[in-house]
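The values are calculated or read from the model by the stated rules, or taken from the named source; none is laboratory data. Keep in mind it's a predicted model, so treat the numbers as computed, not measured. Cβ placement follows ideal geometry from the backbone for every residue including glycine, while neighbour counts extend to all protein chains displayed. Remember, those area values only see protein heavy atoms, side chains included, never the ligands or the DNA or RNA. Shrake-Rupley method; radii C 1.70, N 1.55, O 1.52, S 1.80 Å.
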Amino acid sequence: MAVTRTIIKSVGGYLPERIMTNDELATMVDTSDEWITERTGIKQRHIAAEGEFSSHLAIAAAKIAMQRAQVEANDIDLVIVGTTTPDLTFPSTACIVQAELGMTHGAAFDLQAACSGFLYGLAIADSFIVSGAYKRILVIGAETLTRLMDFKDRNTCILFGDGAGAAIVEAGEGRGEMSDRGILSSHLRSDGRYRGLLTATGGASSTQSIGNIHMDGREVFKHGVTNISEAIFEAMNATGFGADDIDWFVPHQANGRILEGVARKVGMARDKVVVTVDKHANTSAASVPLALNHLFESGKLERDQLVLFEAMGGGFTWGSVLARW
Ligand code: UT7
(Lines give C-alpha, C1' and ligand atoms only; values in the text may rest on other atoms or scores of the structure.)
Protein backbone atom coordinates (compact mmCIF):
# COMPACT_ATOMS: atom_id res chain seq x y z
CA MET A 1 0.00 0.00 0.00
CA ALA A 2 1.41 3.40 -0.97
CA VAL A 3 2.13 5.62 2.03
CA THR A 4 3.74 9.03 2.54
CA ARG A 5 7.21 8.89 4.07
CA THR A 6 9.38 11.73 5.36
CA ILE A 7 12.63 11.63 3.41
CA ILE A 8 15.67 13.33 4.92
CA LYS A 9 16.81 15.05 1.76
CA SER A 10 19.91 16.90 2.96
CA VAL A 11 21.87 18.15 5.94
CA GLY A 12 24.12 21.13 6.64
CA GLY A 13 26.17 22.38 9.55
CA TYR A 14 27.88 25.50 10.76
CA LEU A 15 30.37 26.08 13.56
CA PRO A 16 31.65 29.49 14.66
CA GLU A 17 35.23 30.23 13.71
CA ARG A 18 36.70 30.63 17.17
CA ILE A 19 37.90 27.42 18.84
CA MET A 20 38.55 27.18 22.57
CA THR A 21 40.76 24.27 23.60
CA ASN A 22 40.76 22.53 26.98
CA ASP A 23 44.14 24.10 27.69
CA GLU A 24 42.67 27.56 27.18
CA LEU A 25 39.77 26.72 29.53
CA ALA A 26 42.28 25.56 32.12
CA THR A 27 43.64 29.12 32.27
CA MET A 28 40.16 30.34 33.29
CA VAL A 29 38.97 27.68 35.75
CA ASP A 30 40.53 24.95 37.92
CA THR A 31 40.58 22.07 35.42
CA SER A 32 42.94 20.34 32.98
CA ASP A 33 42.98 18.93 29.47
CA GLU A 34 43.68 15.52 31.01
CA TRP A 35 40.59 15.61 33.31
CA ILE A 36 38.22 16.87 30.60
CA THR A 37 39.49 14.37 28.02
CA GLU A 38 39.28 11.42 30.40
CA ARG A 39 35.84 12.23 31.83
CA THR A 40 34.11 13.56 28.70
CA GLY A 41 36.16 12.92 25.54
CA ILE A 42 35.95 16.66 24.76
CA LYS A 43 39.11 18.34 23.40
CA GLN A 44 37.73 21.65 22.15
CA ARG A 45 34.54 23.65 21.50
CA HIS A 46 33.53 26.48 19.14
CA ILE A 47 32.47 29.84 20.55
CA ALA A 48 30.19 32.31 18.74
CA ALA A 49 31.71 35.73 18.09
CA GLU A 50 30.36 38.87 19.68
CA GLY A 51 27.25 39.83 17.71
CA GLU A 52 26.91 36.32 16.28
CA PHE A 53 23.54 34.92 17.39
CA SER A 54 21.78 31.56 17.19
CA SER A 55 19.85 32.79 14.12
CA HIS A 56 23.12 33.56 12.30
CA LEU A 57 24.40 30.04 12.93
CA ALA A 58 21.02 28.59 11.94
CA ILE A 59 20.91 30.52 8.66
CA ALA A 60 24.45 29.45 7.74
CA ALA A 61 23.61 25.77 8.36
CA ALA A 62 20.24 26.09 6.58
CA LYS A 63 21.82 27.60 3.46
CA ILE A 64 24.15 24.61 3.13
CA ALA A 65 21.27 22.13 3.58
CA MET A 66 19.14 24.04 1.04
CA GLN A 67 21.93 24.14 -1.49
CA ARG A 68 22.57 20.41 -1.10
CA ALA A 69 18.85 19.69 -1.53
CA GLN A 70 18.68 22.18 -4.42
CA VAL A 71 15.71 24.01 -2.92
CA GLU A 72 14.94 27.72 -2.65
CA ALA A 73 13.40 29.43 0.39
CA ASN A 74 9.96 29.52 -1.17
CA ASP A 75 10.05 25.76 -1.80
CA ILE A 76 9.94 25.31 1.99
CA ASP A 77 6.57 25.24 3.80
CA LEU A 78 7.66 25.31 7.42
CA VAL A 79 10.73 26.21 9.51
CA ILE A 80 11.22 24.56 12.89
CA VAL A 81 14.13 25.75 15.04
CA GLY A 82 15.06 23.71 18.10
CA THR A 83 16.87 26.09 20.44
CA THR A 84 17.36 26.82 24.12
CA THR A 85 19.24 30.01 23.31
CA PRO A 86 16.93 32.10 21.07
CA ASP A 87 18.15 35.51 19.87
CA LEU A 88 15.25 37.14 21.72
CA THR A 89 12.46 36.06 24.05
CA PHE A 90 10.27 36.79 21.05
CA PRO A 91 9.85 36.83 18.08
CA SER A 92 11.02 33.27 17.59
CA THR A 93 14.42 32.56 16.09
CA ALA A 94 12.52 30.57 13.44
CA CYS A 95 10.72 33.75 12.27
CA ILE A 96 14.06 35.56 12.04
CA VAL A 97 15.49 32.65 10.01
CA GLN A 98 12.39 32.57 7.79
CA ALA A 99 12.71 36.29 6.96
CA GLU A 100 16.48 36.23 6.46
CA LEU A 101 16.20 33.27 4.07
CA GLY A 102 13.66 35.27 2.06
CA MET A 103 10.73 32.94 2.74
CA THR A 104 7.48 34.87 2.46
CA HIS A 105 4.89 32.14 2.89
CA GLY A 106 4.32 29.15 5.16
CA ALA A 107 5.04 29.14 8.89
CA ALA A 108 7.89 29.11 11.38
CA PHE A 109 8.21 28.31 15.07
CA ASP A 110 10.75 27.56 17.76
CA LEU A 111 10.73 24.37 19.75
CA GLN A 112 12.07 24.13 23.29
CA ALA A 113 13.20 20.64 24.21
CA ALA A 114 16.76 21.52 25.31
CA CYS A 115 19.29 19.05 23.82
CA SER A 116 16.46 17.00 22.26
CA GLY A 117 15.26 20.00 20.19
CA PHE A 118 16.36 18.75 16.78
CA LEU A 119 15.10 15.22 17.42
CA TYR A 120 11.73 16.56 18.58
CA GLY A 121 11.71 18.79 15.47
CA LEU A 122 12.38 15.83 13.20
CA ALA A 123 9.55 13.80 14.78
CA ILE A 124 7.09 16.73 14.54
CA ALA A 125 8.11 17.39 10.93
CA ASP A 126 7.47 13.71 10.19
CA SER A 127 3.93 13.97 11.64
CA PHE A 128 3.18 17.12 9.60
CA ILE A 129 4.43 15.50 6.40
CA VAL A 130 2.72 12.15 6.91
CA SER A 131 -0.56 13.97 7.71
CA GLY A 132 -0.27 15.92 4.46
CA ALA A 133 -0.16 19.31 6.19
CA TYR A 134 3.23 20.25 4.69
CA LYS A 135 5.40 18.92 1.86
CA ARG A 136 8.84 20.27 2.73
CA ILE A 137 10.20 21.36 6.12
CA LEU A 138 13.47 22.92 7.25
CA VAL A 139 14.39 21.50 10.66
CA ILE A 140 17.21 23.26 12.51
CA GLY A 141 19.03 22.85 15.81
CA ALA A 142 20.89 26.07 16.68
CA GLU A 143 22.56 27.11 19.91
CA THR A 144 24.84 29.70 21.43
CA LEU A 145 24.98 27.79 24.66
CA THR A 146 28.20 29.39 25.85
CA ARG A 147 26.10 32.51 26.52
CA LEU A 148 24.44 30.57 29.36
CA MET A 149 27.77 29.51 30.76
CA ASP A 150 29.35 30.54 34.02
CA PHE A 151 33.02 30.30 33.07
CA LYS A 152 33.86 30.02 36.77
CA ASP A 153 31.82 26.82 37.19
CA ARG A 154 34.05 23.92 36.19
CA ASN A 155 31.15 21.47 36.53
CA THR A 156 29.46 22.91 33.44
CA CYS A 157 31.69 25.32 31.50
CA ILE A 158 33.87 22.52 30.14
CA LEU A 159 30.95 20.71 28.53
CA PHE A 160 29.22 23.00 26.06
CA GLY A 161 29.85 24.73 22.74
CA ASP A 162 28.07 26.72 20.01
CA GLY A 163 26.90 25.59 16.56
CA ALA A 164 23.98 24.78 14.30
CA GLY A 165 22.82 21.96 12.07
CA ALA A 166 19.93 21.83 9.63
CA ALA A 167 18.06 19.29 7.54
CA ILE A 168 15.57 19.51 4.71
CA VAL A 169 12.89 16.85 5.01
CA GLU A 170 10.21 16.29 2.38
CA ALA A 171 7.33 14.03 1.40
CA GLY A 172 8.19 10.90 -0.55
CA GLU A 173 6.31 7.76 -1.43
CA GLY A 174 6.84 4.43 0.32
CA ARG A 175 5.13 1.05 0.35
CA GLY A 176 4.48 1.04 4.09
CA GLU A 177 7.35 -1.40 4.57
CA MET A 178 10.53 -1.25 6.59
CA SER A 179 12.51 -1.25 3.34
CA ASP A 180 11.07 2.24 2.57
CA ARG A 181 13.35 5.25 2.55
CA GLY A 182 12.63 7.99 5.11
CA ILE A 183 11.63 8.11 8.76
CA LEU A 184 10.45 4.68 9.89
CA SER A 185 9.77 5.33 13.57
CA SER A 186 10.10 8.09 16.14
CA HIS A 187 9.70 7.98 19.89
CA LEU A 188 9.56 11.11 22.04
CA ARG A 189 9.61 11.09 25.82
CA SER A 190 9.87 13.56 28.68
CA ASP A 191 9.64 13.39 32.45
CA GLY A 192 9.37 16.79 34.10
CA ARG A 193 9.90 15.36 37.56
CA TYR A 194 13.62 15.52 36.76
CA ARG A 195 13.58 19.14 35.55
CA GLY A 196 15.76 20.34 38.45
CA LEU A 197 18.72 18.13 37.57
CA LEU A 198 19.64 20.10 34.44
CA THR A 199 18.39 23.66 34.21
CA ALA A 200 19.17 27.26 33.34
CA THR A 201 18.55 29.33 36.44
CA GLY A 202 16.73 32.23 34.75
CA GLY A 203 13.75 33.02 32.57
CA ALA A 204 11.54 35.88 31.41
CA SER A 205 8.67 35.04 33.73
CA SER A 206 10.64 34.15 36.84
CA THR A 207 13.85 36.21 37.00
CA GLN A 208 13.72 38.46 33.91
CA SER A 209 17.26 37.21 33.12
CA ILE A 210 18.65 34.19 31.28
CA GLY A 211 20.55 32.62 34.22
CA ASN A 212 23.33 30.04 34.01
CA ILE A 213 23.37 26.32 33.36
CA HIS A 214 23.17 24.23 36.50
CA MET A 215 23.54 20.45 36.46
CA ASP A 216 23.83 17.42 38.69
CA GLY A 217 26.28 15.71 36.34
CA ARG A 218 26.30 12.27 37.94
CA GLU A 219 22.50 11.98 38.01
CA VAL A 220 22.15 13.27 34.44
CA PHE A 221 24.76 10.77 33.31
CA LYS A 222 22.94 7.86 34.97
CA HIS A 223 19.51 8.80 33.60
CA GLY A 224 21.08 9.56 30.20
CA VAL A 225 22.37 6.04 29.60
CA THR A 226 19.12 4.43 30.84
CA ASN A 227 16.68 6.72 29.02
CA ILE A 228 18.54 6.76 25.72
CA SER A 229 18.90 2.98 25.72
CA GLU A 230 15.16 2.58 26.37
CA ALA A 231 14.29 4.90 23.47
CA ILE A 232 16.58 2.88 21.20
CA PHE A 233 14.99 -0.42 22.25
CA GLU A 234 11.59 1.17 21.51
CA ALA A 235 12.77 1.99 17.97
CA MET A 236 14.10 -1.54 17.53
CA ASN A 237 10.85 -3.10 18.79
CA ALA A 238 8.72 -0.88 16.57
CA THR A 239 10.68 -1.66 13.40
CA GLY A 240 11.98 -5.17 14.05
CA PHE A 241 15.55 -4.03 13.38
CA GLY A 242 18.39 -5.06 15.67
CA ALA A 243 21.68 -3.31 16.37
CA ASP A 244 23.37 -5.30 13.58
CA ASP A 245 20.88 -4.00 10.98
CA ILE A 246 21.64 -0.35 11.76
CA ASP A 247 24.37 1.17 9.62
CA TRP A 248 24.99 4.40 11.55
CA PHE A 249 24.30 5.52 15.08
CA VAL A 250 24.08 9.34 15.24
CA PRO A 251 23.71 10.15 18.94
CA HIS A 252 23.46 13.37 20.91
CA GLN A 253 27.02 14.33 21.78
CA ALA A 254 27.10 15.07 25.51
CA ASN A 255 29.90 12.88 26.78
CA GLY A 256 32.04 10.21 25.12
CA ARG A 257 31.47 7.90 28.09
CA ILE A 258 27.67 8.16 27.68
CA LEU A 259 28.04 7.23 24.00
CA GLU A 260 30.16 4.22 24.91
CA GLY A 261 27.74 3.18 27.69
CA VAL A 262 24.71 3.37 25.41
CA ALA A 263 26.47 1.61 22.50
CA ARG A 264 27.47 -1.22 24.86
CA LYS A 265 23.97 -1.52 26.33
CA VAL A 266 22.21 -1.73 22.95
CA GLY A 267 24.91 -3.85 21.30
CA MET A 268 26.03 -1.26 18.73
CA ALA A 269 29.47 -1.82 17.17
CA ARG A 270 31.85 1.04 17.96
CA ASP A 271 32.70 1.75 14.33
CA LYS A 272 29.04 2.63 13.63
CA VAL A 273 28.94 5.34 16.30
CA VAL A 274 29.42 8.88 14.93
CA VAL A 275 31.54 10.86 17.40
CA THR A 276 31.97 14.64 17.24
CA VAL A 277 31.98 15.44 20.96
CA ASP A 278 35.79 15.69 20.87
CA LYS A 279 35.67 18.60 18.39
CA HIS A 280 32.29 20.27 19.09
CA ALA A 281 31.60 19.47 22.79
CA ASN A 282 27.87 19.45 23.65
CA THR A 283 26.06 21.84 21.30
CA SER A 284 22.63 20.91 22.70
CA ALA A 285 19.94 20.94 19.96
CA ALA A 286 22.64 21.38 17.29
CA SER A 287 24.54 18.28 18.30
CA VAL A 288 22.59 15.61 16.37
CA PRO A 289 22.38 17.47 13.02
CA LEU A 290 26.04 18.49 13.34
CA ALA A 291 26.96 14.83 13.88
CA LEU A 292 24.82 13.85 10.87
CA ASN A 293 26.53 16.56 8.84
CA HIS A 294 29.91 15.22 9.92
CA LEU A 295 28.89 11.72 8.75
CA PHE A 296 27.56 13.10 5.46
CA GLU A 297 30.74 15.08 4.79
CA SER A 298 32.88 12.01 5.52
CA GLY A 299 31.35 10.47 2.36
CA LYS A 300 30.48 7.26 4.22
CA LEU A 301 26.71 7.76 4.37
CA GLU A 302 25.05 5.88 1.50
CA ARG A 303 21.52 5.85 0.14
CA ASP A 304 19.27 3.23 1.76
CA GLN A 305 21.45 2.93 4.86
CA LEU A 306 19.67 2.78 8.23
CA VAL A 307 20.47 5.68 10.57
CA LEU A 308 19.49 5.74 14.23
CA PHE A 309 19.29 9.12 16.00
CA GLU A 310 18.87 9.72 19.71
CA ALA A 311 18.97 12.66 22.10
CA MET A 312 18.47 13.47 25.76
CA GLY A 313 18.39 16.81 27.53
CA GLY A 314 16.97 19.09 30.18
CA GLY A 315 13.37 18.48 31.18
CA PHE A 316 14.24 15.59 31.00
CA THR A 317 13.41 15.17 27.33
CA TRP A 318 14.66 12.29 25.23
CA GLY A 319 13.84 10.09 22.29
CA SER A 320 14.92 8.28 19.15
CA VAL A 321 14.29 8.45 15.42
CA LEU A 322 15.11 5.65 12.99
CA ALA A 323 15.34 6.53 9.30
CA ARG A 324 16.52 5.07 6.03
CA TRP A 325 18.74 7.58 4.20
O1 UT7 B 1 22.93 16.91 27.13
C2 UT7 B 1 22.83 16.30 28.38
C3 UT7 B 1 23.57 17.17 29.31
N4 UT7 B 1 24.64 16.75 30.08
C5 UT7 B 1 25.22 15.54 30.21
O6 UT7 B 1 24.87 14.56 29.63
C7 UT7 B 1 26.34 15.47 31.18
C8 UT7 B 1 26.28 14.24 32.04
N9 UT7 B 1 27.33 14.19 33.03
C10 UT7 B 1 28.64 14.14 32.76
O11 UT7 B 1 29.04 14.19 31.62
C12 UT7 B 1 29.61 13.95 33.91
O13 UT7 B 1 28.88 13.70 35.10
C14 UT7 B 1 30.56 15.17 34.14
C15 UT7 B 1 31.59 15.21 33.00
C16 UT7 B 1 29.78 16.44 34.21
C17 UT7 B 1 31.35 14.97 35.44
O18 UT7 B 1 32.05 13.75 35.42
P19 UT7 B 1 31.98 12.77 36.67
O20 UT7 B 1 32.84 11.63 36.35
O21 UT7 B 1 30.54 12.49 36.95
O22 UT7 B 1 32.65 13.65 37.80
P23 UT7 B 1 32.05 14.09 39.20
O24 UT7 B 1 31.03 15.16 39.01
O25 UT7 B 1 31.67 12.88 39.95
O26 UT7 B 1 33.32 14.74 39.87
C27 UT7 B 1 34.48 13.97 40.20
C28 UT7 B 1 35.54 14.90 40.78
C29 UT7 B 1 35.00 15.83 41.87
O30 UT7 B 1 36.02 15.99 42.84
P31 UT7 B 1 35.97 15.16 44.23
O32 UT7 B 1 34.65 15.50 44.85
O33 UT7 B 1 36.04 13.71 43.81
O34 UT7 B 1 37.16 15.68 44.94
C35 UT7 B 1 34.80 17.15 41.15
O36 UT7 B 1 34.92 18.25 42.01
O37 UT7 B 1 36.05 15.77 39.75
C38 UT7 B 1 35.93 17.13 40.17
N39 UT7 B 1 35.65 17.94 38.98
C40 UT7 B 1 36.58 18.44 38.17
N41 UT7 B 1 37.93 18.37 38.22
C42 UT7 B 1 38.61 18.96 37.23
C43 UT7 B 1 34.43 18.29 38.48
N44 UT7 B 1 34.59 19.03 37.36
C45 UT7 B 1 35.92 19.12 37.15
C46 UT7 B 1 36.68 19.74 36.16
N47 UT7 B 1 38.03 19.63 36.23
N48 UT7 B 1 36.14 20.41 35.12
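Let me confirm the definition first: pairs of Lys residues in the chain, 8 or more apart or on different chains, C-alpha distance under 30 Å. How many are there?
26
With only alpha-carbon pairs counted, each pair once and no self-pairs, how large is the Kirkwood hydrodynamic radius of segment 7-106 in angstroms?
Every distinct Cα pair counted, the radius reaches 15.8 Å.
For the chain, what does the helix formula give at 222 nm: sum of -39500 (n - 2.57) over DSSP H segments with n ≥ 4, over the residue count, nearest 500 deg cm²/dmol?
That calculation yields -9500 deg cm²/dmol at 222 nm.
Hey, could you pull the Cα Rg and Dmax for segment 3-174, both in Å?
Looking at segment 3-174, its Cα Rg and Dmax stand at 17.5, 56 Å.
Taking segment 182-324 on its own, what percent of its Cα-Cα pair distances exceed 18 Å?
56 percent
I need to check one value: relative contact order of segment 182-324, counting alpha carbon pairs closer than 8 Å and at least 6 residues apart, in percent.
Once divided by the residue count of segment 182-324, the mean separation gives 37 percent.
What distance in nm separates the two pseudo spin-label positions at Arg147 and Lys63, each 7 Å out from Cα along the beta-carbon direction?
2.0 nm
Compute and list, largest first, the equivalent-ellipsoid semi-axes of segment 88-147 from the alpha carbon gyration tensor, each √(5λ) rounded to a whole angstrom.
One finds semi-axes of 20, 16, 8 Å for segment 88-147.
Answer rounded, prolate or oblate for the chain, using the Cα gyration tensor with square roots of eigenvalues a ≥ b ≥ c: rounded when a/c is under 1.5, else prolate when a/b is larger than b/c, else oblate.
Oblate shape, in that a/c is at least 1.5 and b/c is the bigger or equal ratio.
What full-extension length gain, to one decimal in nm, is calculated for Ala204 and Arg175 as 0.36 nm per residue of separation minus the Cα-Cα distance?
5.7 nm
What percent does the relative contact order of segment 62-203 come to when contacts are Cα pairs within less than 8 Å and at least six residues apart?
Result for segment 62-203 is 25 percent.
Any idea how far the Cα center of segment 70-114 sits from the one of segment 1-49, in Å?
Going from one Cα centre to the other spans 23 Å.
If you count only protein heavy atoms with a 1.4 Å probe, what accessible area per residue comes out for segment 3-174, rounded to a whole Å²?
Accessible surface, normalised per residue, equals 41 Å².
Please list, in order along segment 164-171, the HN-Hα scalar couplings obtained from phi with the Karplus expression 6.51 cos²θ - 1.76 cosθ + 1.60 (θ = phi - 60°), rounded to whole Hz, x for Gly and Pro.
In residue order, the calculated couplings are 8, x, 9, 9, 9, 10, 8, 5 Hz.
Would you mind working out the accessible area per residue for segment 182-324, using a 1.4 Å probe, and quoting it in Å²?
Dividing the accessible area of segment 182-324 by its residue count gives 42 Å².
Zone of Phe233 (label point 7 Å along Cα→Cβ, backbone N under 20 Å): which residues in segment 309-325?
Only 309-313, 316-322 fall inside the zone, counting backbone N under 20 Å.
Using the alpha-carbon centroid of each, what span in Å lies between segment 130-174 and segment 196-241?
That distance is 15 Å.
How large, in percent, is the carbon and sulfur part of the accessible surface of the chain at a probe radius of 1.4 Å?
The computed percentage sits at 49.
How large is the translational diffusion coefficient of segment 271-325 in µm² per second when you combine the Kirkwood radius over alpha carbon pairs with Stokes-Einstein at 10 °C and 1.306 mPa s?
131 µm²/s
Take every Cα pair under 8 Å in segment 9-86 that's 6+ residues apart, average their separations, divide by the length, and report that relative contact order as a whole percent.
Here the relative contact order equals 41 percent.
Of all DSSP beta bridges located in the chain, what percent are antiparallel, nearest 5?
Close to 75 percent.
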